[in-house]
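Undergrad: Once you've had a glance at the structure underneath, I'll fire off some questions.
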Amino acid sequence: MTELVEHGQLFIGGEWTDPLGTGTIRVVSPHTEQVIGSVPHASEADVDRAVAAARKAFDEGPWPRLTLDERIAVVSRIKDAITVRHEEVARSISSQNGSPYSWSVLAQALGAMMVYDAAITVARDYPYEERRQGALGPILVRREPVGVVAAVIPWNVPQFVAAAKLAPALLTGSSVILKPSPEAPLDSFILADIVREAGLPEGVLSVLPADREVSEYLVGHPGIDKVAFTGSVAAGKRVMEVAARNLTRVTLELGGKSAAVILPDADLEAAVAGIVPAAWMNNGQACVAQTRILAPRSRYGDVAEALAAAAGALVVGDPLDPATQLGPLVAKRQQQRSLDYIRIGQEEGAKLLTGGGRPAGLERGWYVEPTLFGDVDNSMRIAREEIFGPVVCLIPYGDEAEAARIANDSEFGLSGSVWTADTDHGIDFARRIRTGTFNVNTFSLDMLGPFGGYKNSGVGREFGPEGLSEYLEHKMIHLPAGS
């Protein structure tokens, strides 16, 4: 039985304080369908308080005026505390969104720690100021903190995404208002405790759980200098529209429908071992999931058989059980969405190779079997639309040129992979695919390089020096000749 976690206060400007509104967010377990916690629902008045505190901290406070080493020391303490409390963070997230506990430990909690660590590495070597010879004389180019950041994060990987936005914002000297999803706000209160103990100055961070209406108020607030958003394409377009009223800068990390391409010479056993966890990762609730698997017609039968066997063998169950490989979806609506797409796929003529319904013996909880469709045409809805559940398409192709065309024939461009016996050939294939990240004979996300998407998968980049730059303004100072 999961212990009920109840919070009565909001974290505003570094202090626990009573909310100005009366709303409450109830957090429901996707495994038991029972309430496991509650937090205050931030109101527009709470947003106003948080923005005022963040503005004062940035405009008048010490944080942006500290040395880089001083800011690194604070962020390092945040990272270290997450490492120490990683099991608590992982259990909190798995209880809220159904992530398998083993995955939550590695990707949700320790993954967040790795984000902070990588950002610190990048920040230490970043050129914040440099002299250049301009066309008319010497110039000094400075990169200065962007200001007050609204960081709007999703429910699927809340700590990882929070770190992706907090780390560069804090290291460069900005203040942040973190807006967690109403489905998964409990771990953000652990983070608030960690940040307070780490010694972050007053006003620099607020944590405001809220629904879409209050989130829109935050995004459109004139006191915000930048919005960093991760979520759906539809929500991202709305964020950009609202932010545009104030010409607020935005970075958007949105959806994906990524292709894993198995070339004819690939080691099938190795390819399947790499693709299955990448396709069904986090119960299919991952923007980078490899949800379109492309197989050569010459090997299609063998690929279909191997993938169906591997997917069907995934252990489905209680997300807090360390043996679980696939847990429940975050909400009943997400379960129904996957079931609806399974019906659509069958109506479109795709063939169910494994899965297709609720797992036997799991009548309670928002579960869907790991599902693989075969004989999928890339024009089908199940191949074009992001399902965000454990539903994967297997698409046959003729030659390599057709494989590249199918991989690129998508409104998304976030991730992808190619599996081949020839690494150099795989790199050449990767150059032909229009996605922000790509993998050759592996699947990973390196936080020292840029992450983001082409097309509808987003605007801007996270991680690496490119991601740090998104939290900086560029200033040119003209100098007299000879200086």
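The values are calculated or read from the model by the stated rules, or taken from the named source; none is laboratory data. This is a predicted model, so every value here is computed, not measured. Cβ placement follows ideal geometry from the backbone for every residue including glycine, while neighbour counts extend to all protein chains displayed.
Undergrad: Take residues that are under 25 Å from the mean Cα position of the chain (by Cα) and tell me which of the strands (runs of 3 or more DSSP E) falling wholly in the stretch 1-120 contain 3 or more.
TA: By residue number, 10-12, 24-28, 35-40.
Undergrad: Criterion first (of a type in the set (Lys, Arg) and over 20 Å from Tyr101 (Cα atoms)) does Arg358 satisfy it? Break it down stepwise before answering.
TA: Working: of a type in the set (Lys, Arg): yes; over 20 Å from Tyr101 (Cα atoms): yes.
Yes, satisfied.
Undergrad: Considering (1) under 30 Å from His474 (Cβ atoms); (2) in contact (Cβ under 8 Å) with a residue 60 or more places away in the chain; (3) assigned to a helix (DSSP H, G or I), say which one Val176 fails and leave the rest.
TA: For Val176, the failing item is (3).
Undergrad: Something else now. Take the conditions at pLDDT 95 or above, buried (at least 24 other Cβ atoms within 10 Å of the Cβ), part of a strand (DSSP E or B) and in the same structural domain as Ser29 (by TED's automatic domain parsing) and apply them to Ser206. Does it pass? Break it down stepwise before answering.
TA: Values: at pLDDT 95 or above: yes; buried (at least 24 other Cβ atoms within 10 Å of the Cβ): yes; part of a strand (DSSP E or B): yes; in the same structural domain as Ser29 (by TED's automatic domain parsing): yes.
Here the answer is yes, as Ser206 does meet what is asked.
Undergrad: Condition (residue is buried (at least 23 other Cβ atoms within 10 Å of the Cβ) and in the same structural domain as Ser99 (by TED's automatic domain parsing)) applied to the stretch 271-278: is it met by at least one residue?
TA: No: the stretch 271-278 contains no residue that is buried (at least 23 other Cβ atoms within 10 Å of the Cβ) and in the same structural domain as Ser99 (by TED's automatic domain parsing).
Undergrad: Anything in the stretch 424-443 that is polar (S, T, N, Q), part of a loop (DSSP other than H, G, I, E, B) and closer than 20 Å to Gly255 by Cβ? List them, or say none.
TA: Quick first cut of the stretch 424-443, residues polar (S, T, N, Q) only: 435, 437, 439, 441-442.
Of the ones still in play, those that are also part of a loop (DSSP other than H, G, I, E, B) are 435, 437, 441-442.
Once the filter is applied, which keeps residues that are polar (S, T, N, Q), part of a loop (DSSP other than H, G, I, E, B) and closer than 20 Å to Gly255 by Cβ, the stretch 424-443 yields Thr435, Thr437.
Undergrad: Ile382 is checked against (1) in contact with a helix residue (DSSP H, G or I) (Cβ under 6 Å, 6 or more places away or on another chain); (2) not in a helix (DSSP H, G or I); (3) not small (Gly, Ala, Ser) and fails just one. What number does that condition carry?
TA: Checking Ile382 against (1) in contact with a helix residue (DSSP H, G or I) (Cβ under 6 Å, 6 or more places away or on another chain); (2) not in a helix (DSSP H, G or I); (3) not small (Gly, Ala, Ser), the one that fails is (2).
For every residue, the table says whether it meets (1) in contact with a Cys (Cβ under 6 Å, 6 or more places away or on another chain); (2) within 25 Å of Val161 (Cα to Cα); (3) not assigned by TED's automatic domain parsing to the domain that holds Val161.
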position	(1), (2), (3)
Glu402	no, no, yes
Ile406	no, no, yes
Ile427	no, no, yes
Phe438	no, yes, yes
Gly464	no, yes, no
